[in-house]
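Here is the structure we will look at, set down as C-alpha cells.
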Amino acid sequence: LMEPEAETNKTAVAEFILLGLVETPELWPVVFVLFLFAYLVTVGGNLSILAAILHEPKLHTPMYFFLGNLSMLDVGCISVTVPAMLGHLLSHKRAISYSACLTQLFFFHLLAGMDCFLLTAMAYDRFLAICRPLTYSTHMSQTVQRMLVAVSWACAFTNALTHTLALTTLNFCGPNEVNHFYCDLPQLFQLSCSSTQLNELLLFALGFLMVGTPVVLIITSYIHVAAAVLQIRSAEGRKKALSTCGSHLTVVFLFYGTGIFNYMRLGSEEASDKDKGVGIFNTVINPMLNPLIYSLRNTDVQAALWKILMGRCSLI
C-alpha cells in the first residue's frame, strides 16, 4: 500500500508485508503450533521463576532480584514479536502498518538493550559475592540494585529511541516486503530508497557500546572471579562458587553470540534465512532456555518451585 506525498514526487510506504519464516501456506499451521507452544512454555517458565523468587524468602537476594528482572524481560521480548506473528498466521494477513512496525522495533531494541545491561549487572553481582564477600551487602544494597536497573532502563531507552528516530529519516518508496517475521533494522535498511550509510554506522557504533562495553565488563568480572575461585582450597567450595556463575555464563554466550552476528555488521547485506534463524534465537529460543538453564542448575530455585507446586497440590 502506497500513499502519495504532497511535497515530493515519491510515494511513502504506509505498511510493510512481513514474509514470515516460510512462504508456503501449507506449512503455516505447523509453524503456528510450534511457536504457540514455544510462547506458552517461555511465558510459563519465566513466570514460574518469578513466582518462585517472590514466594521464597530465601531467594530475596540481589542475584535473584536481577534474575526476576531477567524473567520479566524474557516475557516481554517474546511478547513483542511472537503474538503478532501468530496473529498473522491465523488471519493469513501479513501486513503491518508503518507505525506498528516502528513500535515493534522500538520495544524489541528497548528490551534487548536492557538484557545487555542486566546481564552485566548480574556479572558484577557475582564478582562482588565471590571476590568481595565481606563488603558484598554494602556494595550491593537495595539502593544499588535499583540504581543499576534504573540506569540500565535509561541506557536501553536511549538506544532504542535513537534507532527509531533515525529510521524515520529514511524514505521507503517500495518494495515493502520484509524478509523476516518481525520488523528489525537490517531488513528495513534493505527496503529504503535513500542512503542508509549513516544509519548503519549508527547501528554499528551504538552496537559496539551496547554490546562491546558490557562484554568487556563481564569478561573482566569473570577473570577476577576465576582468580578468586582458584584460591579456594576445598573442591566443594570451588564447585559451589562456579555453580552460581555457570548458568549466567551460559545465558551470556547465547545472548551475545546471536546479537553480535545480527547487528555488528557494516554495509548492506541481503536479508537471508540466516537472519531469520538468528531472529528465532533472539526472540524465542533464548527467552525459552533461560528459565530452564537457571532452574536445572540451581537447587534453590528447584526447591522453591517444588514448594509452590506442592502447596497448590495440597489445595486441590
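The values are calculated or read from the model by the stated rules, or taken from the named source; none is laboratory data. Keep in mind that what you see is a predicted model, and the values were worked out from it rather than measured. Because the Cβ atoms are built from the backbone with ideal geometry, glycine has one as well, and the counts that use them run over all protein chains shown. Heads up: the accessible areas ignore ligands, DNA and RNA and are worked out on the full protein's heavy atoms, side chains in. Shrake-Rupley method; radii C 1.70, N 1.55, O 1.52, S 1.80 Å.
Under 24 Å Cα to Cα from Lys276, which lysines show up? Leave out anything in the same chain fewer than 8 places away.
By straight Cα distance, Lys276 reaches Lys93.
Please give the length that would be gained between Trp306 and Phe157 if that part of the chain were fully extended, namely 0.36 nm times their separation in residues minus their C-alpha to C-alpha distance (nm, one decimal).
Gain in length upon complete extension: 50.0 nm.
Angle, helix 62-91 long axis vs. longest principal axis of the chain, Cα atoms, 0 to 90°, nearest 10?
For helix 62-91, the angle is close to 30 degrees.
Express as a percent, rounded to the nearest 5, the fraction of DSSP beta bridges in the chain (both residues included) that run antiparallel.
Of all bridge pairs located within the chain, approximately 75 percent are antiparallel.
What residues qualify as long-range amide H neighbours of Glu15, i.e. H under 5 Å apart, gap of 5 or more or another chain, H built at 1.01 Å from N?
HN-HN under 5 Å from Glu15: Tyr98.
If you add up the charges near Ala95, with Lys and Arg at +1 and Asp and Glu at -1, over every other residue whose beta carbon is less than 13 angstrom from its beta carbon, what do you get?
Net charge in that neighbourhood comes out at 0.
Given the peptides 275-283, 40-48, 230-238, arrange them by the average over their residues of other C-beta atoms within 10 Å, most packed first.
275-283, 40-48, 230-238
Could you calculate the FRET efficiency of His92 with Gln142 from 1/(1 + (r/R0)^6), where r is the beta carbon distance between them and R0 is 41 Å, rounded to 0.05?
For R0 = 41 Å, the calculated efficiency reads 0.25.
Grab the other residues whose beta carbon is less than 13 angstrom from that of Pro287, score K and R as +1, D and E as -1, and report the net.
Net charge around Pro287: -2.
Expressed as an acute angle from 0 to 90° and rounded to the nearest 10, what is the orientation of the C-alpha long axis of helix 197-207 relative to the principal long axis of the chain?
Helix 197-207 sits at roughly 10 degrees to that axis.
How high is the relative contact order of region 17-313, given as a whole-number percent (alpha carbon pairs under 8 Å, six or more residues apart)?
29
If you count only protein heavy atoms with a 1.4 Å probe, what accessible area per residue comes out for the chain, rounded to a whole Å²?
I get 51 Å² per residue for this part.
Within the chain, what whole-number % of the accessible surface is contributed by carbon and sulfur, with the 1.4 Å probe and all protein chains included in the calculation?
Exposed carbon and sulfur together represent 68 percent of the surface.
If you count, for each residue, the other Cβ atoms within 10 Å and average over each peptide, how do 301-307, 185-191 line up from highest to lowest?
Packing order, densest peptide first, comes out as 185-191, 301-307.
If one takes the longest principal axis of the Cα atoms in the chain, at what angle in degrees, from 0 to 90 and to the nearest 10, does the Cα axis of helix 213-230 lie?
20
Take the alpha-carbon centre of region 67-128, take the same for region 208-227, and report the distance between them in whole Å.
Centre-to-centre distance over Cα atoms comes out at 23 Å.
Tell me what the chain gives for mean residue ellipticity at 222 nm when only DSSP H runs of n ≥ 4 count, each as -39,500 (n - 2.57), the sum divided by the residue total, rounded to 500 deg cm²/dmol.
Value at 222 nm, helices only, nearest 500: -24000 deg cm²/dmol.
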